[in-house]
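Notes for the one structure printed next.
The values are calculated or read from the model by the stated rules, or taken from the named source; none is laboratory data. This one's a predicted model, so the numbers in the text were calculated from it and none came from an experiment. Cβ atoms come from the backbone with ideal geometry, glycine included; neighbour counts cover every protein chain shown. Note: areas computed on protein heavy atoms with side chains; ligands, DNA, RNA excluded. Shrake-Rupley method; radii C 1.70, N 1.55, O 1.52, S 1.80 Å.
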Amino acid sequence: MNRQQADRIIVKSNSRMQMVLDWYFENKSWLDKVEFHAPLESGIIELREEQIEVTFESKGGIVELSVFPGMLTHLPPVVTFDYDPATWTASNYRFAPHLPKAKQDALRLVIEFDNTDKKEALKYHTLMLFMTYYQEIVTVDERRAFEPKNGNRNQKKGSRKPKPVIRKFYFIQSFDKDALQKPDGVKRPYTKPEHEVNVRGFLRRYKSGKTVWVKPSVRYKGKGTTNKEYEL
């Protein structure tokens, strides 16, 4: 992947990333039941405060993730591995080929101790989910880049103009996770109240057309009381 031409998801701070992670864990019960679909086939997640870049590229049912140190484009990735969003598992770890085996083994231990692969895979997974359901919170900025010229010396000067490449930059805006609307068909979690609830009487209509008056009642008896005021 050419990191200079790839689309980017910009996460400006750790707190902004944490907001997305908190949103995921609070909605995990229904999100994990929905089949995973990434809105982007490939691109870069730029974690500015951490100074880390994670490239991702879908290859069938597997996503190839590469973790780069900082924003230094000339350095190879710390590690590249395959991630399966369906099972949340990582495999097939690859390290920079120029590193000696001893350094690769040491790096493998560091990654295992720090759970680098799991952390970055989780960020990728949750960002893809968030962008799928809440496009209105993700702003898009398009910028133009150019493909490098062909290095053929025999080619006449100016005979081949560089092709423009449109790059998209996605910015995750600040949001209130409690105010986010759930997609249609998703049930909201229900928590039983800690007090008695007075249920008003109402008319229940059956499919047969019969109408029955349901008397007022009290639910969750013995949990204390609370009062409601109705104003007409």
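Mind checking which residues of the stretch 90-113 are open to solvent by 70 Å² or more (accessible area, probe 1.4 Å) and within 21 Å of the chain's Cα centre (by Cα)?
none
Across the stretch 59-75, which residue is modelled with the highest pLDDT among those that are loosely packed, with under 15 Cβ neighbours inside 10 Å and over 22 Å from Q18 (Cα atoms)?
K59
Working only within the stretch 114-141, note down all residues that are outside any helix (DSSP H, G or I) and open to solvent by 50 Å² or more (accessible area, probe 1.4 Å).
Residues satisfying the conditions are N115, T139, V140, D141.
Per-residue answers, yes or no, for (1) modelled with pLDDT of 90 or more; (2) closer than 16 Å to L21 by Cβ; (3) of a type outside the set (S, T, Y); (4) in contact with a helix residue (DSSP H, G or I) (Cβ under 7 Å, 6 or more places away or on another chain):
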position	(1), (2), (3), (4)
A86	yes, no, yes, no
A121	yes, yes, yes, no
T132	no, yes, no, no
V140	no, no, yes, no
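Scan the stretch 84-101 and report the pairs whose first residue is over 14 Å from F56 (Cα atoms) and whose second residue is in a loop (DSSP other than H, G, I, E, B) and of a type in the set (D, E, K, R), with Cβ atoms within less than 7 Å and a gap of 6+ or a chain change.
none
Give me the pairs, please: first residue somewhere in the stretch 5-18 and part of a helix (DSSP H, G or I), second residue anywhere and open to solvent by 40 Å² or more (accessible area, probe 1.4 Å), beta-carbon distance under 7 Å, and either six or more positions apart or on two chains.
N14/E49; N14/E50; R16/S174
Which numbered condition trips up D82, out of (1) part of a strand (DSSP E or B); (2) in contact with a helix residue (DSSP H, G or I) (Cβ under 9 Å, 6 or more places away or on another chain)?
Failed condition: (2).
Looking at (1) assigned to a loop (DSSP other than H, G, I, E, B); (2) surrounded by 19 or more Cβ atoms within 10 Å (Cβ to Cβ), find the lone condition where E49 falls short.
Unmet for E49, out of (1) assigned to a loop (DSSP other than H, G, I, E, B); (2) surrounded by 19 or more Cβ atoms within 10 Å (Cβ to Cβ): (2).
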